[in-house]
Amino acid sequence: MNAEVKSSNSPPPTLASASPLQDLPLEPLLHLESMFTHLGYTDGYTDGRLQGLNEGRLVGAQRGFAIAREVAFYAGAADLLLTLDLPPRTKKAAQALAEATKALPEKNGEGAEVVETLERCRVKYKAVGRMLGEGMGVRAAGYVEDGDGPVDRTKEPDLTF
């Protein structure tokens, strides 16, 4: 006879004891919804940060270009006015405009307030224009936003990355 014969005292195998499901851990399945919610949140947060960074760079480049264009316009006007034969008071105002354009920082984090410095340039430019008896056509050129109407945005470049 076979040596591996089972004793008659052991119970016969049942369906529950022979099932492979009994060995599977079911605890992780109970938290499946919260696990996927957390994974979705983490992936969405990471993607959102990346998209926000890219959009911030694009908006910053567009706004920086607009500010640089406006300041360059003021600097060019000041340089032109300084070459002309003007009354001393107007010449002094043109020199103040040239100095105001040079006060604008060229890099981020240099401690200067860009908006206030830009506003000083605008005020000085308007003052020089009034001394000359002209508005000097800044709004018509679309370089200044002073709240009196829409600015021509067709002159801004497309800076998509």
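Since every read-out is calculated from the coordinates, none of them should be taken as a lab result. These figures come from a predicted structure and were not determined experimentally. Here the Cβ positions follow ideal geometry from the backbone for every residue, glycine too, while neighbour counts run over all protein chains shown.
Once the other residues with Cβ under 12 Å from the Cβ of ARG49 are scored (Lys, Arg +1; Asp, Glu -1), what is the net sum? My count for the surroundings of ARG49 gives -3. Of the peptides 92-98, 74-80, the ranking by mean beta-carbon count within 10 Å, highest at the top, reads 92-98, 74-80. Highest mean first, the peptides 57-69, 120-132 sorted by other C-beta atoms within 10 Å per residue fall in the order 120-132, 57-69.
Phi-derived couplings, Karplus 6.51 cos²θ - 1.76 cosθ + 1.60 at θ = phi - 60°, listed residue by residue for segment 37-47: 4, 5, 5, x, 4, 4, 5, x, 5, 5, 5 Hz, with x used for Gly and Pro.
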